[in-house]
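Step one of this worksheet: look at the structure below.
The values are calculated or read from the model by the stated rules, or taken from the named source; none is laboratory data. Note that the structure is a prediction, hence the values are computed from the model and not measured. Note: ideal-geometry Cβ built from the backbone for every residue, glycine included; neighbour counts use all protein chains shown.
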Number of protein chains: 4
Amino acid sequence: MQTIGLAVIGAGYWGPNLVRNAQATPGLRLRYLCDLDADRARRVLGEYSTVRVSDSLDEVLADPEVHAVAIATPAKTHLPVAMAALEAGKHVLVEKPLAATHAEGAALVRAAEERGLTLMLDHTYCYTPAVAHLRELVHSGGIGSVQYLDSVRINLGLVQPDVDVLWDLAPHDLSIFLSILPEGVRPLAVAAHGSDPIGAGRACVAHLTIELTGGAMAHVHVNWLSPTKIRTMVIGGSQRTVVWDDLNPSQRLSVYDRGVDRAGAAELGEEKREQTIVSYRTGDMVAPALPEKEALRAVMAEFHAAITEGRPPLTDGRSGLRVLAILEAASASLAQGGAFLPILDSEDVAGSENAAAPEGALL
Amino acid sequence: MQTIGLAVIGAGYWGPNLVRNAQATPGLRLRYLCDLDADRARRVLGEYSTVRVSDSLDEVLADPEVHAVAIATPAKTHLPVAMAALEAGKHVLVEKPLAATHAEGAALVRAAEERGLTLMLDHTYCYTPAVAHLRELVHSGGIGSVQYLDSVRINLGLVQPDVDVLWDLAPHDLSIFLSILPEGVRPLAVAAHGSDPIGAGRACVAHLTIELTGGAMAHVHVNWLSPTKIRTMVIGGSQRTVVWDDLNPSQRLSVYDRGVDRAGAAELGEEKREQTIVSYRTGDMVAPALPEKEALRAVMAEFHAAITEGRPPLTDGRSGLRVLAILEAASASLAQGGAFLPILDSEDVAGSENAAAPEGALL
Amino acid sequence: MQTIGLAVIGAGYWGPNLVRNAQATPGLRLRYLCDLDADRARRVLGEYSTVRVSDSLDEVLADPEVHAVAIATPAKTHLPVAMAALEAGKHVLVEKPLAATHAEGAALVRAAEERGLTLMLDHTYCYTPAVAHLRELVHSGGIGSVQYLDSVRINLGLVQPDVDVLWDLAPHDLSIFLSILPEGVRPLAVAAHGSDPIGAGRACVAHLTIELTGGAMAHVHVNWLSPTKIRTMVIGGSQRTVVWDDLNPSQRLSVYDRGVDRAGAAELGEEKREQTIVSYRTGDMVAPALPEKEALRAVMAEFHAAITEGRPPLTDGRSGLRVLAILEAASASLAQGGAFLPILDSEDVAGSENAAAPEGALL
Amino acid sequence: MQTIGLAVIGAGYWGPNLVRNAQATPGLRLRYLCDLDADRARRVLGEYSTVRVSDSLDEVLADPEVHAVAIATPAKTHLPVAMAALEAGKHVLVEKPLAATHAEGAALVRAAEERGLTLMLDHTYCYTPAVAHLRELVHSGGIGSVQYLDSVRINLGLVQPDVDVLWDLAPHDLSIFLSILPEGVRPLAVAAHGSDPIGAGRACVAHLTIELTGGAMAHVHVNWLSPTKIRTMVIGGSQRTVVWDDLNPSQRLSVYDRGVDRAGAAELGEEKREQTIVSYRTGDMVAPALPEKEALRAVMAEFHAAITEGRPPLTDGRSGLRVLAILEAASASLAQGGAFLPILDSEDVAGSENAAAPEGALL
């Protein structure tokens, strides 16, 4: 197995998790933990570590034994840090969101693609056994056609100094949606409502409503002020509906063979529909056995595999760009009082020379 | 105790509950169960009852021993049935919603007020021990100022032939909100998003976002297509936050002494707010002991008390009108793609001669 | 359908449920509610009922239109009341336990069998959809061989004036065990531990351990002093294990394809067993869809069917006798400090002339 | 702060947790991870560690920089390993159970006391915030007098090669009981029932009933075969009852102001007790806010503090001996069919010259 030398950049909230999992991943060799505050980096590593500490990104990027970096710095620094890494020829794993704006994210995607380097998002949830199972269920047709999605991610959360609750939490839900939606179903428009009841200067509670190809609706509720912690997602399908409760380790997924049928509704004229017979199925519920494994370990393994196999990772830069497109449209909707706004098609933008223009129009 | 002779009109889904509870309420004397389908009414009463069956509303209203009626017929019939009862001098208890439109509801309120008759809404949830406790907590200042409300009412529900999920389920949430909100906090505007993924011809999943006086936001999620049943409401306050889980009989209310403080945020300039220190309280949680009693029994007792004491009931006609005002604005928002629309002030409308005009403008 | 005239005897705690369900059961015609306290009986029936009240058992039994009685009086009165009914030629449905002692119960079984009358126990739980499903699962071999049973029935319960917690609550668990155990597996011996920490004069907390044919163990925990209410039963099998949580209406039964295998253990000598490889299966969990219906309705239907079809009901007198045999042995074990004591074989006793002798020896 | 040099002995199931927490504890300096299988020890430390690996206990004990050892080897090796460490003048932290027999454990206690060395049990649960809170509640009189204890610890657990389920799991429950029981309340006798339905050669399901000073009863249910994981403990008191659900991180402790009173029961004659009025209190429930911290961190801190302060740790050798006394009596009861057997008073035994004799009599 090819050994990839790695540096972790950022020793704050998430960095220690990257350090721990990088050390446990075959094929990765952790060379540095880099932070402007070297003492903080030293505390993270502890007194028993052989990993080097550096407070200089330049030093780290200059080391030929560093082939890749994992970036866990604040979102607004992602562009300069990741760009420097790419320009130094390093592969990049970056925390969500990819960048502070879609334009910045597009610049990173282009830079990586031009150089043939791996640019991967640490959308950790996409690597959980639950999401892997969900994706397989949806893609295999096991739930039928997707009728609605509903995600709730609420908690007594840290009010972030630089982002609102939408940019802080919703990237999780959006990256999961994008990861499980079947081919051909994509977000078209988004409406957002939010409030700031504690005077924090930014939304602390927010609701996103997303219109998908085909008319299905996805909804996200994120909230920093809830005394109870809830992390559930429902994927309603025409054949089955799945409930994912991430805080119930003994039964994370519940697959209900239950639903509403409207036989023949499509063939009937509008005026007849009201009389159509609706039938209910109330079959069994199956909770599939899922392995318990740390998702971040799988993130690290995928990063290594994408680099050594020269293929795009499951959550590549473009997936991060798609999340940014939704977030930007949502922010614009929030500012405009909740109207539906179209979501940029990231496929076009990523390659365009002047990526910044379209979403500038949105804001 | 003064005996009030009662007739129940409508022997469908809810009528049997009215019959059972009316029979068990001191001071009420059930005289008739009235339904166009007399056989259905007979089946509801069973073979051992001395209560009379009638298929004629006229017959029932002509009986001087009938002082009041409880109406459990479809919403679109509320206007003619309730109006006939009021014109015959009977007090009226009516199922939610008060009527099919705000204008119709306003006509009923005026008719009752002109005649000095009791017009009461069967907003059953408002009479549960949980809501009574919530109301007391909020009104006494026990939770501080209201920061947000969030209600989820989802289930595999019957697709109604005549109303969408909003008109079917949201009256519960809205009447509860109105019942517990403190003096001076009222709904100002509403935005609604909905979808009909099964082709039922009406929204089966819907989200309401309501702006309240003072900037707090209330949100309602109603859904006929969910395989799991959830009925929770969160009332977030500056001092405490309450979670009501109506499906957890052993712990319906959980009062959290937990929250986020932003000391001094109000006094700081906008640019300073980001640096303000946010502090978290994580105190104990208290689940108050609540009596287990059937709410509909309390509805019946309140109906009797309001009639004999000549006072407005807790959920009078105007409370029903306020619910209709929100529903109409929500329907209009749904039709217009989710923009915020203002909510009629029911106090003015109820007394105006031409009530129909304003909300016509909305649609 | 043949109409069976019925009288309910006893208007206390359970009687109203019998009255309500008898009235709703096709083929049953409720003639009387009989109680020494006629006012109490009148209050149970309410002001709208055509059912007669009587305070005389003789009067009721003398009425030729009464073909059957349902007895909900205290356990110590079951012998005289039920015997009088049987001697008057009436079929009998009796609350659990069948009688105050095994000898009394045996006398009732003999009396009913001699006269060809139906004697049925109201072991309500045995008629729930959950137990019906459990029985089918176990009898069909779906869980493999039964390895252990564990039942917990705890609550803040009424301290009964005449019985301890064992006699009050354990009849439920024991009748369910007997109802679901496969042919050939029966209780052989029982040990009981109990305590009376509040000085009530009788055990308020008790644990039963029952040895079954084949070496499996059943355990019952009953408790009047628990602030939380738990009603769970686990049936561990070699192939599957079922957990029944009666307080979780959305998922009463959970069937786990999960367990421990010991391949080849049987063929190995004792000294080798420790090295045998134990393998774990962690397959999916299935929660079967169950209808929601009131079990007491099914009790009434079975009573009617057994009478009119001339066949033994599912929970016949002998099933009540088997429960008494376990309870008597458990009480004796309790008195003797928890040693295992053999359980009478009710099949022999029921037919013997002098049934009282054997269990007298136990006490 | 005085630095204590530490060696962890045993790199199996629990050793890695000791390594991780020792490294994070101020004042502890991890010198060695020692295991007969040096490769296993190397894998535990990983590729980035400066901690030394050794496969020689002698080498480790000869190092003057090692002042203390933490032992995580199989129970039957505790005597030789811990004794060697004590004889080398090292302080000892040992996994539960203290030793394979009470006699062996007593020998270790004597050896440590004679040398003035710290001998501490890693009864991890005793260091959780939940148990600390429970202990304070009980000792402060907050729950009144203890009426009953009930612990359930069931799971699909590894069938251990050398111990039965009682010795594997019950030490947790017993050490917690001993840690929270008030002064003067101690276990007097124990009865045990067990079964081995899978032919494992040892009990896989077991129930312990323990009689306490004052008549209260404690019960423990341990089970390796349960498909569901339950870890709950109920401490019933005359004033309040506490339920601890260790698998519910958002509400581990629930303190119920709920119970049964029997006013005056004590003063009444036996024959009058049945008529005494029993009253129920159904007050609020309080779930105290508890910090989330890793208990093993607190174990390490206590080990360091006990050594440097020269005081007995919270879970000293004698606490481990008390657990062994109950386990040995329970095993004897299991072998004898479940009769109650007295529990050795560990205070006497620990100091006696010939500790082995008494419990030999039990077996």
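Residues in the range A:142-179 that are of a type in the set (Asp, Glu) and buried (at least 21 other Cβ atoms within 10 Å of the Cβ) were compared, and the one that is farthest from A:Gly320 (Cα to Cα) is A:Asp150.
Scanning for something within 30 Å of B:Leu149 (Cα to Cα), of a type outside the set (A, V, I, L, M, F, W, C), assigned to a strand (DSSP E or B) and within 16 Å of the chain's Cα centre (by Cα), does the range B:88-100 turn up at least one residue? Yes, because at least one residue in the range B:88-100 is within 30 Å of B:Leu149 (Cα to Cα), of a type outside the set (A, V, I, L, M, F, W, C), assigned to a strand (DSSP E or B) and within 16 Å of the chain's Cα centre (by Cα).
Of the candidates C:Gln275, C:Gln239, the single residue that is over 21 Å from C:Arg153 (Cβ atoms) and at pLDDT 90 or above is C:Gln239.
Does C:Ala22 satisfy the criteria of being in contact (Cβ under 8 Å) with a residue 12 or more places away in the chain, crowded, with 22+ Cβ neighbours inside 10 Å, in contact with a strand residue (DSSP E or B) (Cβ under 9 Å, 6 or more places away or on another chain) and not in a helix (DSSP H, G or I)? The answer is no for C:Ala22.
Quick check on the range A:37-44. Is at least one of its residues over 20 Å from D:Gly46 (Cβ atoms) and either within 14 Å of chain D (Cβ to nearest Cβ) or in a strand (DSSP E or B) (or both)? No, every residue in the range A:37-44 fails to be over 20 Å from D:Gly46 (Cβ atoms) and either within 14 Å of chain D (Cβ to nearest Cβ) or in a strand (DSSP E or B) (or both).
Out of all the residues in the range C:77-89, is one or more crowded, with 19+ Cβ neighbours inside 10 Å, closer than 11 Å to C:Val8 by Cα, touching a residue at least 24 places away in the same chain (Cβ under 8 Å) and not basic (Lys, Arg)? Within the range C:77-89 (the criterion being crowded, with 19+ Cβ neighbours inside 10 Å, closer than 11 Å to C:Val8 by Cα, touching a residue at least 24 places away in the same chain (Cβ under 8 Å) and not basic (Lys, Arg)), the answer is no, since none of the residues qualifies.
Reported count of residues in the range A:10-19, each being assigned to a helix (DSSP H, G or I) and more than 10 Å from chain D (Cβ to nearest Cβ), is 4.
Does any residue of the range A:145-153 turn out to be closer than 18 Å to A:Trp14 by Cβ and either acidic (Asp, Glu) or within 14 Å of chain B (Cβ to nearest Cβ) (or both)?
yes
Pairs are defined by a Cβ separation below 8 Å, a sequence spacing of at least 6 or placement on different chains, a first member in the range B:59-75 that is of a type in the set (S, T, N, Q), and a second member that is assigned to a loop (DSSP other than H, G, I, E, B); the pairs so defined are B:Thr73/B:Gly10; B:Thr73/B:Gly12. If the condition is being under 27 Å from A:Pro342 (Cα atoms) and either small (Gly, Ala, Ser) or outside any loop (DSSP other than H, G, I, E, B) (or both), then the range A:303-324 contributes A:Asp316, A:Gly317, A:Arg318, A:Ser319, A:Gly320, A:Leu321, A:Arg322, A:Val323, A:Leu324. Taken over the range A:161-218, the criterion of being touching a Cys at 6+ places or on another chain (Cβ under 9 Å) and of a type in the set (D, E, K, R) is satisfied by A:Asp164, A:Asp196.
When you check B:Ser226 against the structure, is it in contact with a strand residue (DSSP E or B) (Cβ under 7 Å, 6 or more places away or on another chain), more than 21 Å from A:Val220 (Cα to Cα) and within 8 Å of chain A (Cβ to nearest Cβ), yes or no? Break it down into steps so the answer makes sense when it comes.
Working: in contact with a strand residue (DSSP E or B) (Cβ under 7 Å, 6 or more places away or on another chain): yes; more than 21 Å from A:Val220 (Cα to Cα): no; within 8 Å of chain A (Cβ to nearest Cβ): yes.
Criteria not met by B:Ser226.
For the criterion of being within 14 Å of another protein chain (Cβ to nearest Cβ), in a helix (DSSP H, G or I) and either acidic (Asp, Glu) or closer than 22 Å to C:Met217 by Cα (or both), D:Asp168 passes. Applying the condition of being touching a Gly at 6+ places or on another chain (Cβ under 9 Å) and in a strand (DSSP E or B) to the range D:110-139 and asking which residue is nearest to D:Ser254 (Cα to Cα) yields D:Leu121. Considering the conditions (1) away from chain C (no Cβ under 14 Å); (2) out of contact with any Ser or Thr (no Cβ under 7 Å at 6 or more places or on another chain); (3) part of a helix (DSSP H, G or I), B:Glu65 is excluded by exactly one of them, (3).
Checking each residue of the range D:140-163 against the condition of being assigned to a helix (DSSP H, G or I), closer than 26 Å to D:Met217 by Cβ, modelled with pLDDT of 95 or more and not charged (D, E, K, R) gives no match. Looking at A:Arg29, is it without any contact (Cβ under 8 Å) to a residue 40 or more places away in the chain, in contact with a strand residue (DSSP E or B) (Cβ under 9 Å, 6 or more places away or on another chain), within 14 Å of chain D (Cβ to nearest Cβ) and under 23 Å from A:Gln2 (Cβ atoms)? Judged against the criteria, A:Arg29 is a match.
Evaluate the range B:194-208: report whether one residue or more is in contact with a helix residue (DSSP H, G or I) (Cβ under 9 Å, 6 or more places away or on another chain) and under 22 Å from A:Leu225 (Cα atoms). Within the range B:194-208, one or more residues are in contact with a helix residue (DSSP H, G or I) (Cβ under 9 Å, 6 or more places away or on another chain) and under 22 Å from A:Leu225 (Cα atoms). When each of C:Asp35, C:Asp58 is tested for being acidic (Asp, Glu) and crowded, with 16+ Cβ neighbours inside 10 Å, the lone residue that passes is C:Asp35. Would it be correct to say that B:Asp173 is under 18 Å from the mean Cα position of the chain (by Cα) and either away from chain A (no Cβ under 11 Å) or within 18 Å of A:Asp150 (Cα to Cα) (or both)? The answer is yes for B:Asp173. Of everything listed in (1) touching a Pro at 6+ places or on another chain (Cβ under 8 Å); (2) outside any helix (DSSP H, G or I); (3) modelled with pLDDT of 95 or more, the single unmet condition for C:Met1 is (3).
Residues in the range C:180-221 that are closer than 19 Å to C:Ser238 by Cα, facing chain D (nearest Cβ under 9 Å) and surrounded by fewer than 20 Cβ atoms within 10 Å (Cβ to Cβ): C:Gly214, C:Gly215.
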